[in-house]
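Working notes, beginning with the structure itself.
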Amino acid sequence: MCAKSLTKFLPQLSQTIQRIENDAPKCLAPKKDKSQKPYTLDQGKSELPFVSCNYTGKVSDLITLAHEFAHAVQILASRESQTEENAFMPPLARECCAFWGEIALIDYVQQKDEKLYVLLKKAWSNDNLKYLKADAEVLKQALENNDSGYSYNWNYPVARLYALMLRKQMNHKKAEVQKTITTFFASGSKITQTISMKSLIAFFPIPNPLPKMPKPNKAGFTKYQILGAVTALTISDQQIDVERFTVGSFNHHIAKHIENKTLFIYFKNEQPAAYACWEKKTKEKISLSELCTPFVEPEELQQFMQKYYHCAIEMPELIGKNSPLKEVA
């Protein structure tokens, strides 16, 4: 049932799914040690993933099996599409794939067995108490405390909500979302190039740690204040590789925008939250060439600038890759 449901959910992965169903080693027998958790083991490129699950026939076991089955499919899909060095997928992303396996099962059963569907939905809701309440609280506390030790459970709430978000989008653009999720499964470590990681953490925004800017004098902020704010925002943006540029070249680049008055810093609660740069401006439109939005969504900056400049704000095609770092690397 796990294979059939995931095949219907992601038909382009049918061969990979069939291979896992038929050939992947698995142990589903009830375990003497009831505390042993289910897991899926990546055994390297020469062997298929190994799935272990304490299956006793309960409805919750079926959801767990779908979760682990999807893990195995993701591992193989990534290995089939990526080189060995790029096959490993980050934890948060692979948990998205596992939750899509659960969602696929529930969707499939809804059309086949109404009674089982009701039971599966109940089990899913019970799991939400752990993932979206207990684990989410742990994640929230960790975000507020930089000294927290790493916990794998941090990945679950964000991954579950993101998986649900894309499933809802399938209601009005099924083919497009199926293609996105299929690519997701096969991306391995290149997942950060496939999807904006900022969208993955949108449900749990990172608190802005930057200090409030002092009140400007009559002439406005000084060049050093502006440069400091822009530098801090650039370092805070997780999509920007700060090791790709030198301090001197970056400072020169931003100083040029300050001089040309082609730099806009967006403040929220008196804290620097985002900035944008451009090369060309007309009365009707400003076409942004660079964008850095570590603490707000790009659309929020766009809307504010439209009101401020009373004209259209055209966003870069590749948000996150259009930054001063691209020019000075």
Inset, instruction - For the stretch 124-137, enumerate the residues that are surrounded by 15 or more Cβ atoms within 10 Å (Cβ to Cβ) and either over 30 Å from LEU13 (Cα atoms) or touching a residue at least 40 places away in the same chain (Cβ under 8 Å) (or both). - result: TRP124, ASP127, ASP135, ALA136
Inset, instruction - For LYS307, state whether it is part of a helix (DSSP H, G or I), at pLDDT 85 or above and at negative phi. - result: yes
Inset, instruction - Kindly indicate whether PRO11 is in the same structural domain as GLU176 (by TED's automatic domain parsing), within 22 Å of the chain's Cα centre (by Cα) and surrounded by fewer than 17 Cβ atoms within 10 Å (Cβ to Cβ). - result: no
Inset, instruction - Please state which of the following conditions TYR150 fails to meet, knowing it meets all the rest: (1) touching a helix residue (DSSP H, G or I) at 6+ places or on another chain (Cβ under 8 Å); (2) surrounded by fewer than 16 Cβ atoms within 10 Å (Cβ to Cβ). - result: (1)
Inset, instruction - Give the stretch 38-84 a look and list any residue that's out of contact with any helix residue (DSSP H, G or I) (no Cβ under 8 Å at 6 or more places or on another chain) and either touching a residue at least 40 places away in the same chain (Cβ under 8 Å) or assigned to a loop (DSSP other than H, G, I, E, B) (or both), or say none. - result: GLN43, GLY44, SER46, GLU47, THR56, GLY57, LYS58, THR83
Inset, instruction - Give the residue, chosen from ASN171, ASN146, that is assigned to a loop (DSSP other than H, G, I, E, B) and modelled with pLDDT under 85. - result: ASN146
Inset, instruction - Would you check if PHE88 is of a type in the set (Phe, Trp, Tyr) and in a helix (DSSP H, G or I)? - result: no
Inset, instruction - Working carefully through the options LYS32, LYS58, find the one that is closer than 24 Å to TYR117 by Cβ and surrounded by fewer than 16 Cβ atoms within 10 Å (Cβ to Cβ). - result: LYS58
Legend entry - Residue match in the stretch 217-228 (condition: modelled with pLDDT under 85 and either among the aliphatic types (A, V, I, L, M) or assigned to a loop (DSSP other than H, G, I, E, B) (or both)): yes
Inset, instruction - Starting from residues that are at pLDDT 90 or above and in contact with a helix residue (DSSP H, G or I) (Cβ under 8 Å, 6 or more places away or on another chain), keep the ones in the stretch 310-323 and report whichever is farthest from LYS256 (Cα to Cα). - result: ALA312
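The values are calculated or read from the model by the stated rules, or taken from the named source; none is laboratory data. All values derive from a computational prediction rather than experimental measurement. Note: ideal-geometry Cβ built from the backbone for every residue, glycine included; neighbour counts use all protein chains shown.
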